[in-house]
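Worksheet: one structure, shown below.
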Amino acid sequence: MSTVIRNIGELVTNDPALGAGPLGLVSDAALVIDGDRVAWAGPAAAAPAADAAYDAAGRAVLPGFVDSHAHLVFAGERAAEFAARMSGRPYTGGGIRTTVERTRAASDEELRANLARLVAEMAGQGTTTVECKSGYGLTVADEERAVRIAAELADEVTFLGAHIVPAGMEAADYVALVTTDMLAACAPHARWIDVFCEHVAFDAEQTRDILSAGIRAGLTPRLHANQLGPGPGVQLAVAHGAASADHCTFLSAADVDALAGSDTVATLLPGVEFSTRQPYPDARRLLDAGATVAIATDCNPGSCYTSSMAFCVALAVREMRMTPAEAVWAATAGGARALRRDDVGRLAAGARADVLVLEAPSHIHLAYRPGVPHVAAVWKAGAPVVT
Ligand SMILES: [Zn+2]
């Protein structure tokens with residue numbers, strides 16, 4: 001069963017061979033979906049026939065957003081902590097332990113239902129690829145449960161046992177547990193290993209040990225790096241061949257150079273700076289140096305509880321000096337790079353049919369009209385999510 005989306009005012013393909021600029025823009029375009037794949041993309045006049053048709057009525061069509069950084073297996077929420085922060089209390093990461101207590105006490109069904117709710121909330125806003133981390137269990141059984149449940153509903157699963165040292169444990173003992181029994185239990189359900197490399201969590205040597213153990217277990221690193229202050233995270237990410245260094249809020253010139261000279265994507269999470277009232281990372285500096293930049297939500301109950309990629313795009317443009325085109329690329333193709341995926345984040349023959357029809361004539365409206373509903377229709381792997 002094939003469907004042609006016709007009458008597309010502006011098609012973002014992210015394929016420079018198909019259209020103009022890095023977004024591969026095609027105006028007066030059509031897109032053909034066949035099963036779970038894109039069969040064809042290009043100018044409407046050349047579109048092949050299909051079994052069914054959808055009229056985009058001149059709207060813009062984008063690849064679904066790729067949210068490459070989220071923490072979605074948890075119970076409870078922390079609105080009171082947010083309110084306290086907005087009245088002046090700084091963010092220290094200590095609230096993670098509050099969510100750990102709530103998550104450990106929750107049933108599998110409760111965690112699964114909360115994850116399903118958030119993945120659906122994301123899909124309804126055009127996010128068709130979701131990465132999900134563990135990190136609110138911090139015991140072998142609770143972390144194994146988190147990655148197992150994440151693997152049921154998320155596209156990409158990351159083992160983040162090294163989120164924070166749990167209450168009542170010495171850091172060295174906890175690192176020893178993470179790199180042995182916990183890793184062995186979690187690795188079968190995950191593709192990625194992550195560490196919260198910050199002075200409040202894990203230092204350089206601990207991060208190195210955990211990433212190395214993860215690599216030996218067949219996982220690929222991605223890293224929480226340089227969020228709360230300058231630190232060794234970015235350099236460790238690059239040295240370990242991480243797919244992504246995430247946050248990148250406080251970077252030295254050497255950090256920027258290391259990212260620009262590597263395959264490690266700089267994943268920026270502007271919703272966190274919004275929600276913690278920190279300075280924003282300087283995307284312009286990274287882009288001008290030649291680094292690959294992705295944007296993701298970091299959706300989690302503490303430091304940033306938004307699931308809206310559109311909101312993050314708007315923040316990236318206003319607060320991080322990205323152009324609308326750069327921000328849209330970062331939220332789609334950039335996220336795909338950060339997950340080392342070439343089947344998502346673009347709309348060209350062979351890609352997964354993840355399609356976002358905007359309630360707007362251009363991708364620019366995502367930042368130009370922040371906070372308004374943007375979604376007219378969404379398909380994920382060829383299946384309608386919103387129509
Ligand atoms: Zn995070």
Odd one out for Val178, checked against (1) in a loop (DSSP other than H, G, I, E, B); (2) free of Cβ contacts under 8 Å to residues at least 40 places away in the same chain: (1)
Residues being in contact (Cβ under 8 Å) with a residue 60 or more places away in the chain and surrounded by fewer than 19 Cβ atoms within 10 Å (Cβ to Cβ): count how many of those fall in the range 18-38. 6
Aromatic (Phe, Trp, Tyr), over 17 Å from Tyr305 (Cβ atoms) and at pLDDT 95 or above: is that true of Phe74 in this structure? no
Mind checking whether some residue in the range 323-334 is among the small types (Gly, Ala, Ser), under 17 Å from Asn14 (Cα atoms), surrounded by fewer than 24 Cβ atoms within 10 Å (Cβ to Cβ) and away from the ligand (no atom under 16 Å from the Cβ)? yes
Would the range 246-254 turn up any residue that is more than 15 Å from the chain's Cα centre (by Cα), under 21 Å from Ala187 (Cβ atoms) and surrounded by fewer than 21 Cβ atoms within 10 Å (Cβ to Cβ)? no
Val147, sole failed condition from (1) closer than 22 Å to Ile210 by Cβ; (2) surrounded by fewer than 17 Cβ atoms within 10 Å (Cβ to Cβ): (2)
Only one of (1) hydrophobic (A, V, I, L, M, F, W, C); (2) crowded, with 22+ Cβ neighbours inside 10 Å; (3) closer than 22 Å to Glu121 by Cβ fails for Ala225. Which number is that? (3)
Select from the range 19-47 the residues that are of a type in the set (A, V, I, L, M, F, W, C) and under 18 Å from Gly64 (Cα atoms) and list them in ascending order. Leu23, Leu25, Val26, Ala29, Ala30, Leu31, Val32, Ile33, Val38, Ala39, Trp40, Ala41
Candidate set from the range 79-96 (those that are surrounded by fewer than 17 Cβ atoms within 10 Å (Cβ to Cβ) and under 24 Å from the mean Cα position of the chain (by Cα)); member that is modelled with the highest pLDDT: Ala79
In the range 265-299, how many residues are acidic (Asp, Glu) and within 25 Å of Leu118 (Cα to Cα)? 2
Filter the range 46-94 for residues that are in contact with an Asp or Glu (Cβ under 7 Å, 6 or more places away or on another chain) and away from the ligand (no atom under 16 Å from the Cβ) and give the result. Arg59, Ala60, Pro63, Gly64, Ala75
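Within the range 115-122, is even one residue more than 30 Å from His374 (Cβ to Cβ) and either out of contact with any Phe, Trp or Tyr (no Cβ under 8 Å at 6 or more places or on another chain) or within 16 Å of the ligand (Cβ to nearest atom) (or both)?
No, the conditions are met nowhere in the range 115-122.
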Evaluate the range 243-261: report whether one residue or more is farther than 22 Å from Ala283 by Cβ, among the aromatic types (Phe, Trp, Tyr) and assigned by TED's automatic domain parsing to the domain that holds Thr297. no
For the range 202-286, which helices (runs of 4 or more DSSP H) that fit wholly inside it have 2 or more residues that are touching a residue at least 40 places away in the same chain (Cβ under 8 Å), within 15 Å of the ligand (Cβ to nearest atom) and touching a helix residue (DSSP H, G or I) at 6+ places or on another chain (Cβ under 9 Å)? 270-276
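Could you list all residues from the range 62-97 that are part of a helix (DSSP H, G or I) and either aromatic (Phe, Trp, Tyr) or over 19 Å from Cys132 (Cα atoms) (or both)?
Correct list: Ala79, Ala80, Glu81, Phe82, Ala83, Ala84, Arg85, Met86.
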Would it be correct to say that Gly218 is surrounded by fewer than 23 Cβ atoms within 10 Å (Cβ to Cβ) and in contact with a Phe, Trp or Tyr (Cβ under 6 Å, 6 or more places away or on another chain)? no
Across (1) part of a helix (DSSP H, G or I); (2) of a type in the set (Ser, Thr, Tyr); (3) buried (at least 24 other Cβ atoms within 10 Å of the Cβ), Thr128 clears everything bar (1)
In the range 287-306, what residues are within 16 Å of the ligand (Cβ to nearest atom) and over 9 Å from Gly271 (Cα atoms)? Ala294, Ile295, Asn300, Pro301, Gly302
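The values are calculated or read from the model by the stated rules, or taken from the named source; none is laboratory data. Treat the numbers as computed from the prediction; the structure is a model and nothing was measured. FYI the Cβ positions are ideal-geometry reconstructions off the backbone, even for glycines, and counts take in every protein chain you see.
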